[in-house]
1. Sorted by average packing, counted as other Cβ atoms within 10 angstrom per residue and highest first, what order do 20-28, 63-71, 177-185 take?
2. For region 55-162, which whole-number percentage of the solvent-accessible area (1.4 Å probe, protein heavy atoms only) is attributable to carbon and sulfur atoms?
3. Packing-wise, with mean Cβ within 10 Å as the measure, how do 78-85, 134-141 rank, highest first?
4. Is the C-alpha gyration tensor of region 42-197 telling us rounded, prolate or oblate? Criteria: a/c under 1.5 is rounded; beyond that, a/b larger than b/c is prolate, otherwise oblate.
5. Please give the FRET efficiency for ALA143 paired with GLU60, using the beta carbon to beta carbon distance and R0 = 22 Å, rounded to the nearest 0.05.
Amino acid sequence: MDGAEEGDRGATETAPLPFRTAVDALRTARVRPEVEVEPTRPPQRLAPFAYALEAAVVEESEDLADGRLILLHDPAGHEAWQGTFRLVTLVRAELEPEMAADPLLPEVCWSWLTGALQSRGLAYGEPSGTVTRASSHYFGGLAARPAVSQIEIRASWTPREGLGGAPDTAAHLASWCDLLAQVAGLPPAGPGDGSVVTLPQRRGPQPR
């Protein structure tokens, strides 16, 4: 993590105030206890300024899902973003093959992302992404291994800027953690999330 910590420190030293504000909010945000979050090295060429987090949903020392969230900032604005900030994410979890075969699974997973943002009343625009499911089957000397299926969500959206030009990144992080927990099959975090549909069939926790 030395490189990530170095990038973390350097992320705000020469950055504009709105980006520093957005990063500080990510650093100090509180998330549900099953989600472990830490900084990681951000990509270098996607935007003039970037900050990245990686996270895992953990229960009893075992990973249920993992992902990465990247905050991008271009003070000059970006036509495709329709703003100066962009959030980019990757979320992955292992599933039961039967669940992975559900033809509606991609649409449901995408609705989890948009629903997590909407449930917290977040303003955002220009969402885009993919939902991919993949299965691995083992043969020959590996035939004893059970088939493995995985769901992967890659997405990005533009968080709307608030006072001072910075978006509410703490709330966006919280919604992203809601998505991670949902993909992992955890129950809703609170009474207000009772309408959320969790994943009923997923393979058991994976060793860290």
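1. Order by mean packing, descending: 177-185, 63-71, 20-28.
2. Details: 2640 of 5320 Å².
With neighbouring chains kept in place, the figure for region 55-162 is 50 percent.
3. Packing order, densest peptide first, comes out as 78-85, 134-141.
4. Numbers: a/c = 2.18, a/b = 1.67, b/c = 1.30.
Prolate, since a/c reaches 1.5 and a/b exceeds b/c.
5. Values: r = 30 Å, r/R0 = 1.35.
Result of the calculation: an efficiency of 0.15.
The values are calculated or read from the model by the stated rules, or taken from the named source; none is laboratory data. Everything numeric in this text was worked out from a predicted model, so none of it was measured. No Cβ is skipped: glycine too gets one built from the backbone with ideal geometry, and neighbour counts run over all protein chains shown. For the accessible areas, the whole protein counts, side chains as well, though only heavy atoms, and no ligand, DNA or RNA atoms are used. Shrake-Rupley method; radii C 1.70, N 1.55, O 1.52, S 1.80 Å.
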